[in-house]
Structure formats: C-alpha cells, structure tokens
1. When you scan segment 178-197, how many residues do you find that are out of contact with any Asp or Glu (no Cβ under 9 Å at 6 or more places or on another chain), aliphatic (A, V, I, L, M) and at pLDDT 90 or above?
2. For segment 442-491, give me the residue count where each residue is closer than 21 Å to Glu255 by Cα and among the aromatic types (Phe, Trp, Tyr).
3. Among the residues of segment 113-133, is any among the β-branched types (Val, Ile, Thr) and over 17 Å from Lys221 (Cα atoms)?
4. In segment 437-463, which residues are of a type in the set (Gly, Ala, Ser) and either open to solvent by less than 10 Å² (accessible area, probe 1.4 Å) or farther than 22 Å from His386 by Cβ (or both)?
5. Cβ contacts < 8 Å: first residue free of Cβ contacts under 8 Å to residues at least 40 places away in the same chain, restricted to segment 138-165; second residue among the basic types (Lys, Arg) and part of a strand (DSSP E or B), any location; separation 6+ or different chain. Result?
6. Look at segment 33-69 and say how many of its residues are touching a Leu at 6+ places or on another chain (Cβ under 6 Å) and either of a type in the set (D, E, K, R) or in a helix (DSSP H, G or I) (or both).
7. Can you confirm whether segment 331-345 contains a residue that is among the hydroxyl-bearing types (Ser, Thr, Tyr), surrounded by fewer than 19 Cβ atoms within 10 Å (Cβ to Cβ) and not assigned by the TED database to the domain that holds Phe448?
8. How many residues are touching a residue at least 60 places away in the same chain (Cβ under 8 Å) and of a type in the set (Gly, Ala, Ser) when one looks only at segment 440-469?
Amino acid sequence: MPTNGINKALKLQFGLINYENRYLTAEAFGFKVNASGISLKKKQIWTLEQDEQDGQVVFLRSHLGRYLASDKAGKIICGAEKPDPECRFLIVPQSDGRWALQSEPYQRYFGGSADYLSCFAQAIGEQELWAVHLALHPQASLLSVARKRYAHLSASDGEISVDSNIPWGVDSLVTLVYLDGKYSLKTCDSRFLSNDGKLVKENSNTTSFTLELKSGKLAFKDCDGKYLAPVGPTGTLRSGRCSKPGKDELFDLEESHPQVVFQAANKRFVSVKQGVSISANQDVETDMETFQMEIDKESKKPMFRTNGGSYWTLVTHGEIQSTATEVEVNTMFDIEWRGHRVALKASNGKYVCTKKNGQLSAVSDTVGDDELLLMKLINRPMLILHGENGYVCHHKNSNTLDANRSVYDIFSLLFDNGAYHIKSVNGKFWYVSSSGLVCSDGEKAEDFFLEFPEHGRVAIKGSNGKYLRGDQGGTLMCDGASVDASSLWEY
C-alpha cells in the first residue's frame, strides 16, 4: 500500500512476447514452457514477484503458480512451487523498452523460439529480447511515487495534473491503451497524453510510451528517450529532462473501485455535506455526494467510503453515519438488486430507509419506496469488459460481439434512470436478439442493469432478466440464468 494510497497497488501481471511475436506460454502438462502463444490468454500470463532481500532479483510465476527456472546447462523448466536459487532472474531493460532476462546464478540470458527455449546465451541478441504486454485491466488510478498524489484530468487547464490526495470521481480514471508494444494514456474524455503535457485527440508517436519497471514501479519513456514526470506546482504530467528514471519518474497503478451516487425517493442526493450524518438532502452531485463502493473479498458485502476517507457505519438507533475509520461488521451492507433501484440492508438485519428529514436509518423490515435508492456508477463512462476467456470486442464480420479476444474495444456506458445503455464505437446501441445473442447495431437503446456481486467484478443483466456471458464458441450471449464465473466481468 502506498503511504497515502487508499487502494491497493495492482500486482504486475504481463505477457512476454519474443522476436517472432509469440507469447511465452506455460503448459499444464509436464510444466513445460514454450514461445508459441499467438495472443495473451490465461496460459500466457506471468506474475512478477520481487526478492525481499534484493530488489533487483525477480521471480516469474506462471498461471499454475509455478516458478520459471534455469539450470546450469541452460535448461528451462517451470515446476518449482516455491522460488529456489535457480528461479532468480535479473531484468535488463533495453532502449526500445524490451527486456532481456538474465539468470542471476549463471549470468546467462533467456531466449529462443517455439519449443526451443534455453537460458544459455552469453550475450543479448534478438532472440533474447522480450516485449512486455501488461495483463492488467487497462483502467486504473495512477499514483506518483515521489509526490504521493494521484493523476487526474484537469479539463480547464487541458492537462493531466498529479495533485489529488485521493483518486475521486471520473477524472481520476486513466485508460492504458496498448498498441505495437507501446502504451498511451487516455483520459476519461477520450484524449491522449502527449509527451509535451498537452492532451490530443489522435494517438501518435508523441503519445506512445514504452513501459519500464524499476523496483516494482512503472516508468513511461517517450519517443525521445525522456520519462514522464509530474512538473511544477500542479504536477503537470509531461516528459521531463531525465533520460534515466529516478523517484520522480516512477508510478504505481492502483485498482479503480466503482464510485457511485445515490438518489433517494425524495429525489435528492445522499451526501455527507452536513457533517457525519448520511442524509439525502442535496440537489447537485459533487465529491460529497460520491461514494466509493469497496466490496469485501470474504463476505462479498459492499462498504461505502466518503471522499474524506471514512466509511458509512451503523450507529445506535439504526442511524447511518460516516464515522468509521476501520472496516468492521457495522460498515458492511447487503445490497439487493431490484431492477432500476437497489435496497441496502445494514448489519442489524434492517433495511436502510430515507426518513422525512432525509436522514438514512436502518429501521425497516420490508422494502417500500422509502427503502429504494437509485444508484448511478459515475467512474466508468468508457466500458472495457474482460471475462474468463478474454475481452469483449466487436466481431469482425457481423453485428455480434466476441467475448474471448486478447484485444478490447472501448464501449460507452450511458446511465438512464437506474439502467444503462451500452453504445458501440460506431454510435449504435447494444440489444439482445430473440435468440439471446447480444448485437451491437441497434438504432435505439435497450436497458441493461449492472450488479456488483464481488470484488472487482460486475454482472450485467439484460431486459430479458438473463445475464451476459461468453458461450463456448466465444460469442457474447445474454442467456445466463444466474451469476457464475462465465457471467462475471472485470470492468
């Protein structure tokens, strides 16, 4: 956790692409590795772990939880359940952003093609170079390691400023766009960051950065060999003078939790403006009416964090206040998805109700109008869905959608009275055909409903009452009867 980071830094997971444009792959059979993968799927994902004593040494863990190792003769195997001395590698970054991997005990370099991989080269050649393709969901918050502040779009200044104490609201969402081994940073209004700090509509050479890793942190190197850093009082994000990354040039990517706004039956927004009481008494949405929904990994119950860092909690007489600084049983709620509205149940087993004065209290045994809340997700105007078999993407030759791709399309998410409309790149809408196929060329919008059943995942329900899922052939369908692995999406 960064010192003031309110969210966890994401574990660095990636694919490694060799000189033949093939991915390093860990096979389940015999713990063999090869470089035959044509796209980034489960078998091609590697997790970087660092040695606790020596920050320069890394271990590469496969999707099977086994570690890559090389023996003295350069033979590669990936069967170790715990990292042993032969699993120790050093990353040697190259000027083009690619990596060479050097066995620490034997000083030889890892490379090769297809089934012929070894770690015996004494020098780095083309065969020993690997491009890095991040396997994280591309939407995250960006934290400057030196400033301990978050990046956010500053639309009035036309820049990305690195001066937020917390990643609050839609402006703090950064989308990493991967193209030909390089990354671009896209803001929530669909502009790209150029190395001079300006925001531009088109992706080009000046908006493309190679990713480098230094002691587990990220650095972004531009086309002139300089690194992105926060500059000046507002921390304008742009390339500085440095051609080597120091602390100023290092960043953490953090998970971007869903942030929501609630509107009660009295048509007013739930707020903490008036102090510790959680009350539906405001007419405009600001940071004070925005709450971060953090879902407990064990109980799968949501907690609601205010922009001041405290949590909603149940206090005496059923009142809901924002006084909790730690997560405990009274800060957890059950959420019931009721179509266009939600109902919340507190730890006392009672439903949260909006009183006449707007105050929220958990005092009801049943759900009527006063217990229903309109909940709007505010920090995903661009929707990128990743399921158990890959990303959702337009099908090449039809109006259907694939759910098993290694590349993604960015869709627009539009809120409408408790439901959402999903818009394709071409401006047409998603709808569900009579056979349950999700199509992407609708002239008019159709309602979809978002549910957040567990940490980091969304389930999407169609107007037909079924859930979106990827079928065996990789096509996106809306025919899931319940929420299971096939109908949960990273978003």
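1. Qualifying residue count, segment 178-197: 1.
2. 3
3. Yes: one or more hits.
4. Ser440, Gly442, Ala445, Ala459, Gly462, Ser463
5. Pairs that qualify, where the first residue is free of Cβ contacts under 8 Å to residues at least 40 places away in the same chain and the partner is among the basic types (Lys, Arg) and part of a strand (DSSP E or B), are Ser164/Arg149.
6. Residues in segment 33-69 being touching a Leu at 6+ places or on another chain (Cβ under 6 Å) and either of a type in the set (D, E, K, R) or in a helix (DSSP H, G or I) (or both): 0 in total.
7. Checked against the condition, which is being among the hydroxyl-bearing types (Ser, Thr, Tyr), surrounded by fewer than 19 Cβ atoms within 10 Å (Cβ to Cβ) and not assigned by the TED database to the domain that holds Phe448, segment 331-345 yields no hits at all.
8. Count: 1.
The values are calculated or read from the model by the stated rules, or taken from the named source; none is laboratory data. As the structure is a computational prediction, the values presented were derived from the model and not from experiment. FYI the Cβ positions are ideal-geometry reconstructions off the backbone, even for glycines, and counts take in every protein chain you see. Just so you know, the surface numbers come from the protein's heavy atoms only, side chains and all, with ligands and any DNA or RNA stripped out. Shrake-Rupley method; radii C 1.70, N 1.55, O 1.52, S 1.80 Å.
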